[in-house]
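The values are calculated or read from the model by the stated rules, or taken from the named source; none is laboratory data. Only a predicted model underlies this, so the values are computations on that prediction, with no experimental measurement involved. All Cβ positions, even for glycine, are placed from backbone atoms using ideal geometry, and neighbour counts span all protein chains on display.
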Amino acid sequence: MRAMVFEGVGQPLRMVERPIPEPQPGQLLLRVLACGICRTDLHLLDGEVSVPDPPRVLGHQIVGEVQPGGRRVGVPWLGWTDGVCRYCRAGQENLCEHARFTGRDIDGGFAEYTVADERFCFPISDDYHDLQAAPLLCAGLIGYRSMRMCGDAERLGFYGFGAAAHILTQVAIWQEREVLAFTRPGDATTQAFALELGATWAGPSDAAPPEPLDAAIIFAPDGALVPAALRAVRPGGTVVCGGIHMSDIPSFPYDILWGERTVRSVANLTRADAEEFLELAPRVPVHTHVTQYPLEDVNRALADLRAGRFTGAAVVTP
Ligand SMILES: [Zn+2]
Ligand SMILES: [Zn+2]
């Protein structure tokens, strides 16, 4: 089979020919139908998040067809947990001390076939085509977990309006919340896209919102957005950092945190998050806007993500 393999930091993924992987007991063999790309893949390529044991097939938003059988499942970032550490026992398997992540510790979906632990595979609703389902599996799931950390906030600000925010906007509006979109200064295309999806305001990330926010989620990996978002939320409001990596957060005056504002991160996902969100998405219904790339063009897809050359999400198909 063909696979796009990570061999080292700073190198493009390389197309290699490999044998089809053999599923171990408890694993499913999947023919990959689609695999979403994610900003985390850029952090892996750049060495901001390490890949412990290269070469590795990246890709952690996999829609696959079980071989044999043909049933369709989705595979997310969380690929394995020990089930016995203090976090697993407390219902916080997203923080598992020995967690293994798809497309980082375990070969992922930028390939024609992959194997996955059956306990971390989720059914995909028939309402979704393969391409449209893929971005639900990380952008959707971890975005949804981030939004849950905002509690019942009514006026939400999204900093960085990519794959996650375009999904979350639809969920937030369905939950009768208001969405304000903060993009890179000058990115009129993304601002227009956010308004089209129902955001009530869209503007540059350094602008103040017309009214203070109840909560903000930062999806962009820019630490300078933390004080910017703190300035935009009301007393008692929350700022959630949804990404796995961020540049350093500049120092800021205490008075923008004062007033019982909270800053927190969201790490990974639990299987309960996956079950809850994948059940909810078709009821909203969430429509994902997808740009498709063939497997051999995954490096181009990643470069386009870095440069902000598409709106919504990007998906690779073998
Ligand atoms: Zn991801
Ligand atoms: Zn554990």
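Worth a mention:
- Any hit, region 248-271, residues being at pLDDT 95 or above, part of a helix (DSSP H, G or I) and within 17 Å of the chain's Cα centre (by Cα): yes
- For region 60-76, a residue qualifies if it is part of a strand (DSSP E or B) and either without any contact (Cβ under 8 Å) to a residue 60 or more places away in the chain or surrounded by fewer than 24 Cβ atoms within 10 Å (Cβ to Cβ) (or both), and the qualifying residues are Gly64, Glu65, Val66, Gln67, Arg72, Val73.
- Taking every residue in region 86-97 that is under 11 Å from Ala267 (Cα atoms) and without any contact (Cβ under 8 Å) to a residue 40 or more places away in the chain and pairing it with any residue that is more than 16 Å from ligand 1 (Cβ to nearest atom) and not in a helix (DSSP H, G or I), at least 6 positions away or on another chain, the pairs with Cβ-Cβ distances below 7 Å are Cys96/Thr81; Cys96/Asp82; Cys96/Cys85.
- The residue pairs whose first member lies in region 152-165 and is under 19 Å from Val290 (Cα atoms), whose second member is at pLDDT 95 or above and among the acidic types (Asp, Glu), and whose beta carbons are closer than 9 Å, counting only pairs six or more residues apart or on different chains, are Gly160/Asp222; Phe161/Asp187.
- Exactly one residue out of Ala274, Ala232 is in contact (Cβ under 8 Å) with a residue 24 or more places away in the chain and within 21 Å of Val171 (Cα to Cα): that is Ala274.
- Of all residues in region 168-195 being among the hydrophobic types (A, V, I, L, M, F, W, C) and closer than 16 Å to Ile218 by Cβ, the one that is surrounded by the most Cβ atoms within 10 Å (Cβ to Cβ): Phe182
- Residue that is farthest from the chain's Cα centre (by Cα) [pool: residues in region 54-107 that are small (Gly, Ala, Ser) and within 16 Å of ligand 1 (Cβ to nearest atom)]: Ala99
- Of the candidates Ala165, Ala194, Ala220, Ala216, the single residue that is assigned to a loop (DSSP other than H, G, I, E, B), among the hydrophobic types (A, V, I, L, M, F, W, C) and closer than 17 Å to Gly140 by Cα is Ala220.
- The residues of region 125-137 that are buried (at least 24 other Cβ atoms within 10 Å of the Cβ), out of contact with any Lys or Arg (no Cβ under 9 Å at 6 or more places or on another chain) and hydrophobic (A, V, I, L, M, F, W, C), listed by number, are Ala134, Leu136, Leu137.
- Scope region 66-88; condition out of contact with any Leu (no Cβ under 6 Å at 6 or more places or on another chain) and either away from ligand 2 (no atom under 16 Å from the Cβ) or modelled with pLDDT under 95 (or both); matching residues: Pro68, Gly69, Gly70, Arg71, Arg72, Val73, Val75
- Scanning region 260-318 for residues being over 18 Å from Gly74 (Cα atoms) and of a type in the set (Ser, Thr, Tyr) gives a total of 5.
- Among the residues of region 33-53, those identified as outside any loop (DSSP other than H, G, I, E, B), touching a residue at least 40 places away in the same chain (Cβ under 8 Å) and within 16 Å of ligand 1 (Cβ to nearest atom) are Ala34, Cys35, Gly36, Arg39, Thr40, Asp41, Leu42, His43, Leu44, Leu45.
- Asp206 vs. criteria of a type in the set (D, E, K, R), away from ligand 1 (no atom under 16 Å from the Cβ), crowded, with 20+ Cβ neighbours inside 10 Å and not in a helix (DSSP H, G or I): no
- Of Gly103, Gly91, all but one fail to be within 16 Å of ligand 2 (Cβ to nearest atom) and at positive phi; the exception is Gly91.
- Enumeration of residues in region 111-123 that are surrounded by 18 or more Cβ atoms within 10 Å (Cβ to Cβ) and more than 17 Å from the chain's Cα centre (by Cα): Ala111, Tyr113, Thr114, Val115, Ala116, Asp117
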